[in-house]
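Accompanying notes for the structure given below.
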There are 2 protein chains.
Amino acid sequence: MRILHTAMALLMCAIVFAAAPLAAGETAAGGATKSLGAKTFAQPCPVWVIGSYDAAGKPNVMTASWAAICNSRPPMVTVSLREATYTYHNIMESKAFTVNIPSEEFVKQAAYFGSVSGKDVDKFAASGLTPVKSELVNAPYVKEFPLVLECKLVKTVELGLHTMFIGEIVDVKAAESVLGANGAPDVEKLKPFIFAPGNADFYGIGASLGSGEEREKEPKK
Amino acid sequence: MRILHTAMALLMCAIVFAAAPLAAGETAAGGATKSLGAKTFAQPCPVWVIGSYDAAGKPNVMTASWAAICNSRPPMVTVSLREATYTYHNIMESKAFTVNIPSEEFVKQAAYFGSVSGKDVDKFAASGLTPVKSELVNAPYVKEFPLVLECKLVKTVELGLHTMFIGEIVDVKAAESVLGANGAPDVEKLKPFIFAPGNADFYGIGASLGSGEEREKEPKK
């Protein structure tokens, strides 16, 4: 039974990869043999700017990279924040936040938004960017940024130094200029960027690597 | 008081950006004005391959992009999976998983691992890659991949279509060839890649965008 299974698997492999031979065995990098200990060394991480209001209605933004899409239906994102941040307390109170996705042209602002606290400074005023009240949630977004998610807080999960803020995406707003022919944001037009723990600088998105054909066989999310 | 605060903020801005003028106001993309509805349009997303054993000890791998680092101390990752996946049930039973981070040379394998189910096929056998039992947790990793996180399951959070699997990183293993001078994985050597909802293909990592200097002022994570 096991032999039959393996034979079927190998046959399937032959069909799948007939037109695109694998590089397996020809690994340039070599395998993962060196232990680095228990560290947050995972890549790549997004660079998202989280918008929130404080109790007095002052808009604030902070940059976060411990963040991801975390559910498809309903659509949700998770953002992990330390209790020491101004944003943590803002979202606990307002139950809402925005995810503002900067394009490469805003790399300095994103770095700045992660370098100082909203306790000490009005980051919108300091950066010259414009806060706009969201249509559907009680949180500000960055007017100049090309992609914005309006989120209502649905759950918090305390994990240790960080707390996860899980938000339901109630609307996505985009600049027309970053949309592809399918009406969705196109990464080549949006030009978001990434953070990699271990590297000092942010990095842009590179070239298409293909594999969309294989991906289309993926079960519906 | 508010005026003083704003003045201080503007002064701070002038200090911070004196050497690096901002592009604020000169936005090529334009602001986010078009509503796209409640959709999972956030970018960029990582491409991670999740390793797990089934109850019979068969190693399996699946590709996930609803995933992120979610806590710094102790170090943790979150990966969202549908109940329909083989991996979901494997991790529920084994309480462990690995995060295997592929370099660009493995883009076809990563696409394939997301295109079929471990219920139907032995993906290791089909791809020619090699499962290795983790040292510290009951999950297999991909021998040929350059960066691996061994994780023990600490929490699951049901959100709807997906369930978050939150794992504590108990060790990171890397190929010597992807480490930078500081001993951490270097994104330029690792060459991970990203998924962007809305685009069919995977995308590589591009050039350094700088801003490390501003980022160094960031409060310790």
Put a label point 7 Å from Cα along the Cβ direction on residue A:208, then list its distances to the equivalent points in the other copies in nm, shortest first. 3.0
Find every distance from the label point of residue A:83 to the corresponding label point in the other copies (7 Å from Cα along Cα→Cβ) and write them in nm, one decimal, shortest first. 3.4
Any idea how far apart residue B:120 and residue B:158 come out in nm if each label point goes 7 Å out from Cα toward Cβ? 2.7
Projected area, mean over directions - segment B:58-154, Cα convex hull, nm²: 6.1
Gain in length, residue A:181 to residue A:84, computed as 0.36 nm per residue apart minus the alpha-carbon separation, to one decimal in nm? 30.7 nm
Would you report the distance distribution of C-alpha pairs in segment A:24-107 as whole percents per 5 angstrom bin, up to the bin with the largest distance? 3, 11, 18, 18, 15, 12, 9, 7, 4, 3, 1, 0
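Provide the net charge surrounding residue A:208, with neighbours chosen by a C-beta distance below 10 Å and charges set as Lys +1, Arg +1, Asp -1, Glu -1. Present the calculation step by step, with values, prior to reporting the outcome.
Working: positive: none; negative: A:188, B:201.
Result for the neighbourhood of residue A:208: -2.
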Note: B:82-94 gets an average of partner chain Cβ contacts (10 Å, Cβ to Cβ) equal to 1
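Taking Rh as the Kirkwood radius, which is the inverse of the mean 1/r over Cα pairs, what is the Rg/Rh value for segment A:77-218? All intermediate terms of the calculation are to be shown ahead of the outcome.
On the way: Rg = 16.4 Å, Rh = 16.8 Å.
With Rg and the Kirkwood Rh in hand, the quotient comes to 0.98.
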Spelling it out for residue A:144: with amide H atoms placed in the peptide plane at 1.01 Å from N, the residues 5 or more places away or on another chain with amide H under 5 Å from its amide H are A:130
As a test of the definition: with a 1.4 Å probe, what buried accessible area, both sides summed, do you compute for A against B, in Å² to the nearest 100? 11300
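Taking every pair of alpha-carbon atoms in segment A:99-175, give the share separated by more than 21 Å as a whole percent. Can you show the working numbers first?
Values: 1090 of 2926 pairs.
The calculated P(r) of segment A:99-175 puts 37 percent of pairs beyond 21 Å.
The values are calculated or read from the model by the stated rules, or taken from the named source; none is laboratory data. What you see is a predicted model; the values in this text were computed from it and never measured. Methodologically, a virtual Cβ is constructed for each residue, glycine included, from the backbone with ideal geometry; neighbour enumeration extends over all protein chains shown. Calculation scope for accessible area: heavy atoms of the full protein, side chains included, ligands and nucleic acids excluded. Shrake-Rupley method; radii C 1.70, N 1.55, O 1.52, S 1.80 Å.
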